[in-house]
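The values are calculated or read from the model by the stated rules, or taken from the named source; none is laboratory data. Worth saying up front: this structure is predicted, and the values here are computed from it rather than measured. Glycine gets a Cβ as well: all are built from the backbone with ideal geometry, and neighbour counts include every protein chain shown.
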Amino acid sequence: MTRVTRRGLLLGGAAAGGAALGGAGLALAVRDGDASSSTAADEQATYPFEGEHQAGITTPVQRHLYFAAYDLTADATRDDLRTLLQDWTEAARHLVQGREIGETGAVGGSPLAPPEDTGEALNLGPNGLTVTFGLGPGLFDPDRLGLESGRPALFQPLPSFALELLDDAISGGDLCVQACANDPQVAVHAVRNLSRIGFGRAQIRWAQLGYGRTSSTTRDQATPRNLMGFKDGTRNIKADDTEDLARHVWSDGEGQEWFAGGTYLVTRKIQMLIESWDRAPLSEQEAIIGRDKGEGAPLSGGTEFTEPDFRAVSTATGEPAIPAESHIRLAHPDFNGGQRILRRGYNYVEGNNALGQISGGLFFISFQRSPKQFIDLQNALARDPLNEYIRHIGSALFAVPRGVRQGEYIAQDLFV
Ligand code: HEM
């Protein structure tokens, strides 16, 4: 299918002489000879598309995101969905290796025809691209595509939550593509070309560009900061937390083979009232989060990875050192029936609004075995003092099918 590869020779050579593929979608960093340059390593990083689970979940979080939600066209059939997933899978297999789309790529075809690949990622490396596909709940509606019997029992649209101000135009969708890469152009290129492939079968409903990961999923990644200036992801589920992943992230399929080894993906576009936050005193900001801003340590003391002690009392005030209504206490598993989620969100900034304020915030993404984990947490966060500084304006839930083996396509068991 693919004629030309971006850095194909270099990558092929490095892979052949280098490491064996890691299991379960874990990293295979392919370096181009200069191990000291993290930029070169990031550019040449590749992650296998195939595996028990889809990549882009426990994969070390890349620097950039382009996330797109699609609706099937009104007259699309079950067969259109099936062939779309087949075509997308095939394209994604090539894209994650840094290859072009099609037989002739961006510059090799007839000058009288539009190029098969759009070309903006030519000469860029694979940049750790992962492409993660999800299915929306509406696909399983009765009298739509005949897929009712394939719906996992827990897969229902999210309920409404306190204080949210959702915009339908940036919520929901029949399908999603999460493209993460160390170069934003590589992520955009992937989505743009998948959209072209989908033409006539699916069209973009909404899309989101994200930068500056707000979570880490491996222990060797430094904890990044969100736009409120706090370290985010300290107590996230990490790629090597096998037990936690099995318990909180990977689904047993709920009786559906296509979903066994899959997971639910929630997106929430959370706008921050950044100027108001920036006027809040440091002590108030820290009390709201429950951690100190510099180190990210819990207010009960210690360093970033010290376990929070919710019984500790501040000697200065006689009150709990970590306020009972702080974000980390409200979201902590001890107060949520032991439930955890894997967070993998990104910052976003989209210019300013008419008042000159920054339009930006957190594009929250979480993966969990059941939507109930997110629902319970979000309900618990109704009391979160952070709500004074944030608004949830977009929301979506997708079922992410299990990963594929060679020759398979995403969600193929749904169509047997
Ligand atoms: C703009 C909105 C949000 C901001 C700024 C924010 C920020 C933070 C920060 C700074 C931490 C502490 C560091 C860490 O352990 O990662 C944290 C922890 C956490 N947050 Fe958020 N968060 C936001 C929204 C949410 C939402 C919507 C949820 C889920 C419904 C959530 C769930 C969690 C969880 C589960 C933890 C870890 C709790 C623990 O196990 O200690 N957060 N968040």
Answer yes or no: is there a residue in segment 279-298 that is in a loop (DSSP other than H, G, I, E, B), on the phi < 0 side of the Ramachandran plot, more than 10 Å from the ligand (Cβ to nearest atom) and surrounded by 22 or more Cβ atoms within 10 Å (Cβ to Cβ).
no
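To keep it simple, each residue is scored yes or no on (1) of a type in the set (Asp, Glu); (2) in contact with a Lys or Arg (Cβ under 9 Å, 6 or more places away or on another chain); (3) near the ligand (Cβ under 10 Å from one of its atoms).
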| site | (1), (2), (3) |
| --- | --- |
| 360 | no, no, no |
| 371 | no, no, no |
| 381 | no, no, yes |
| 392 | no, yes, yes |
| 400 | no, no, no |
| 408 | yes, no, no |
| 413 | yes, yes, no |
| 416 | no, no, no |
I need a count of the residues in segment 251-278 that are more than 16 Å from the ligand (Cβ to nearest atom) and of a type outside the set (Ser, Thr, Tyr).
11
Among the residues of segment 208-222 satisfying the criterion of being exposed (fewer than 15 other Cβ atoms within 10 Å of the Cβ) and within 14 Å of the ligand (Cβ to nearest atom), which is nearest to residue 187 (Cα to Cα)?
222
Kindly check whether there is at least one residue in segment 227-236 that is surrounded by fewer than 20 Cβ atoms within 10 Å (Cβ to Cβ), outside any strand (DSSP E or B) and away from the ligand (no atom under 13 Å from the Cβ).
no
Given segment 310-416, what strands (runs of 3 or more DSSP E) lie entirely inside it while holding 2 or more residues that are among the hydroxyl-bearing types (Ser, Thr, Tyr)?
346-352, 358-368
Which one is surrounded by the fewest Cβ atoms within 10 Å (Cβ to Cβ), of the residues in segment 311-329 that are within 10 Å of residue 290 (Cα to Cα) and of a type in the set (A, V, I, L, M, F, W, C)?
324
Residues 166, 154, 158: which one is within 24 Å of residue 262 (Cβ to Cβ), buried (at least 16 other Cβ atoms within 10 Å of the Cβ) and at pLDDT 95 or above?
158
Residues located in segment 331-357, provided they are aliphatic (A, V, I, L, M) and over 23 Å from the mean Cα position of the chain (by Cα)
354, 355
Taking into account only those residues within segment 337-358 that are near the ligand (Cβ under 9 Å from one of its atoms) and out of contact with any Gly (no Cβ under 9 Å at 6 or more places or on another chain), which is nearest to residue 214 (Cα to Cα)?
341
